[in-house]
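See structure below.
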Amino acid sequence: MIERIKSLDPVLLPCLAGLLLLGVLALYSTSQSDVGTNYFTSQLKWILLGTAVMLVVTFLTNRLYYDFAYIGYAISLVLLILVFFVGSEGLGATRWLRFGGIGIQPSEIAKIATLLALARYLSDERLEINRPKIFIIATAIIATPFVLIARQPDLGTALVFVVLALPVYYWIGLKFATLILILIPLIVLFASFNTFTFILALLLIVLYLIYLRPSVVLGAVYFFLNVAVGFITPMLWNQLKDYQKRRITTFWNPEADPLGAGYQIIQSKVAIGSGGFWGKGFLEGSQTQLRYLPEQHTDFIFAVIGEEFGFFGVFAGILLFSIFLIRIVYIANSCKSRFSSVIAIGIGAIIGFHMFINIGMTVGLFPVTGLPLPFISYGGSALISNMIMVGLLLNFYRSRYEY
């Protein structure tokens, strides 16, 4: 038993403990002013369960994850489909399945299952990601849950699958020129709302294709694919729910609707700004305790940390996340198994994206997406999912010299 404990990563676990501690302190503060759910007590229960699950995942044989990858992926797709028929609705979206008194969010399961399936497919070193057939199959593995989750609608979580793909592809050898080709449609997406910028984007695409010199057929297909993106994007915009449109438009100017869609971002900025260097003190945050800050136990928990612990607390949290992510890259680079390496880098992409978007959202750099802050925001499904990913990382660290 002692040997097993010694085999655990000496950097990842302290970072995890620090983030969990920061989260429960913030949740304890938010619970003092809430006459409803005691988020602090509930989160402690989820942490205990998550830790138990993490340890089980850590010490299971690595081969089990490889063998179970496709089965788990199929189960996750079934759960995502079930959401449309028997799912529970909340905040304008249907994202949950309830079994008795327990609710699960299939999209959290799908993140891990999709990553395992993608890693298994790409673990065969004979598969070259730059070949169109291999690239298309790998992308289809990711695109299927992406579409199902986007239809719930849960655009924030769906974007995680897009972000997951790029680091994984690049990690296993995707050419940089091809990576640029993947990113160009995202630029076209934003440019499509203005005729001049859309035409300029298409002109730049033509110049880039001339530089790359692909076959005439592939070049033409890619060009017209981007044209299609430009025409379809405004149509998809019109299909969004009103609250989703408000979240995006408010991002550019939250002061335009200070009592409506812009209220969350404004109050979050006020909370963080008022914290100063050392913060107002634990349980002394006025925005938090007077409940001016909405969704302070989930989406905007980082603002609670900023108000009560100031720049010092914010810096500590970002530092812990930074060390955590750097360590993940180290583990991915250390693994002899391509399967383990791909999963590790994918986990880094998922956790990093959640952190980056959530923190950016609280300071007004990104629209409100509803993505929780890993290990800190309240929520059972998200926390268990994150603890499973940590368990996988610990497992891969222990078996990093195995093929």
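The values are calculated or read from the model by the stated rules, or taken from the named source; none is laboratory data. Keep in mind it's a predicted model, so treat the numbers as computed, not measured. Virtual Cβ from ideal backbone geometry, glycine too; neighbours counted across all protein chains shown. Side chains included, ligands, DNA and RNA excluded: accessible areas come from the protein's heavy atoms. Shrake-Rupley method; radii C 1.70, N 1.55, O 1.52, S 1.80 Å.
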What tally of residues in the stretch 379-400 results from selecting those that are part of a helix (DSSP H, G or I), open to solvent by 10 Å² or more (accessible area, probe 1.4 Å) and under 17 Å from residue 329 (Cα atoms)? 3
From (1) open to solvent by less than 70 Å² (accessible area, probe 1.4 Å); (2) over 24 Å from the mean Cα position of the chain (by Cα), pick out the condition that doesn't hold for residue 354. (2)
Out of (1) in a helix (DSSP H, G or I); (2) farther than 18 Å from residue 163 by Cα; (3) open to solvent by less than 20 Å² (accessible area, probe 1.4 Å), the odd one out for residue 375 is which? (1)
Testing residue 236 on (1) surrounded by fewer than 16 Cβ atoms within 10 Å (Cβ to Cβ); (2) at pLDDT 85 or above, one condition comes back false. Which one is that? (2)
If you scan the stretch 51-80, which residues turn out to be among the polar types (S, T, N, Q) and not in a helix (DSSP H, G or I)? 61
Would you point out the residue of the stretch 200-220, among those that are modelled with pLDDT under 90, of a type in the set (A, V, I, L, M) and open to solvent by 80 Å² or more (accessible area, probe 1.4 Å), that is farthest from residue 135 (Cα to Cα)? 216
Against the conditions (1) out of contact with any strand residue (DSSP E or B) (no Cβ under 6 Å at 6 or more places or on another chain); (2) assigned to a loop (DSSP other than H, G, I, E, B); (3) not β-branched (Val, Ile, Thr), where does residue 158 fall short? Just the number, please. (2)
Residue 131 vs (1) open to solvent by less than 20 Å² (accessible area, probe 1.4 Å); (2) at pLDDT below 90: all pass except (1)
Among (1) within 29 Å of residue 117 (Cβ to Cβ); (2) open to solvent by 10 Å² or more (accessible area, probe 1.4 Å), the one test that residue 367 misses: (1)
Go through the residues of the stretch 292-300 one by one and say whether even a single one is within 17 Å of residue 21 (Cβ to Cβ), in contact with a helix residue (DSSP H, G or I) (Cβ under 6 Å, 6 or more places away or on another chain) and either open to solvent by 40 Å² or more (accessible area, probe 1.4 Å) or not in a loop (DSSP other than H, G, I, E, B) (or both). no
In the stretch 353-368, which residue that is in contact (Cβ under 8 Å) with a residue 24 or more places away in the chain and not aliphatic (A, V, I, L, M) is farthest from residue 275 (Cα to Cα)? 353
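One line per residue, one yes/no per condition, for (1) open to solvent by 40 Å² or more (accessible area, probe 1.4 Å); (2) within 30 Å of residue 110 (Cβ to Cβ); (3) of a type in the set (Asp, Glu):
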position: 315; (1), (2), (3): yes, no, no
position: 333; (1), (2), (3): yes, yes, no
position: 339; (1), (2), (3): no, yes, no
position: 361; (1), (2), (3): no, yes, no
Among 30, 41, 51, which is among the polar types (S, T, N, Q), open to solvent by less than 70 Å² (accessible area, probe 1.4 Å) and more than 15 Å from residue 297 (Cα to Cα)? 51
Kindly provide the set of residues from the stretch 65-111 that are among the basic types (Lys, Arg), open to solvent by 80 Å² or more (accessible area, probe 1.4 Å) and modelled with pLDDT of 90 or more, ordered by number. none
Under the condition of being of a type in the set (A, V, I, L, M, F, W, C) and open to solvent by less than 50 Å² (accessible area, probe 1.4 Å), which residue from the stretch 165-179 is farthest from the chain's Cα centre (by Cα)? 177
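Please work out which residue is nearest to residue 229 (Cα to Cα), limiting yourself to the stretch 174-197 and to residues that are outside any helix (DSSP H, G or I) and of a type outside the set (Gly, Ala, Ser).
Among those that are outside any helix (DSSP H, G or I) and of a type outside the set (Gly, Ala, Ser), it is 193.
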Please work out which residue is least open to solvent (accessible area, probe 1.4 Å), limiting yourself to the stretch 221-233 and to residues that are within 13 Å of residue 206 (Cβ to Cβ) and within 29 Å of the chain's Cα centre (by Cα). 226
Only one of 180, 184, 172 is touching a Lys or Arg at 6+ places or on another chain (Cβ under 8 Å) and under 30 Å from residue 124 (Cα atoms); which? 172
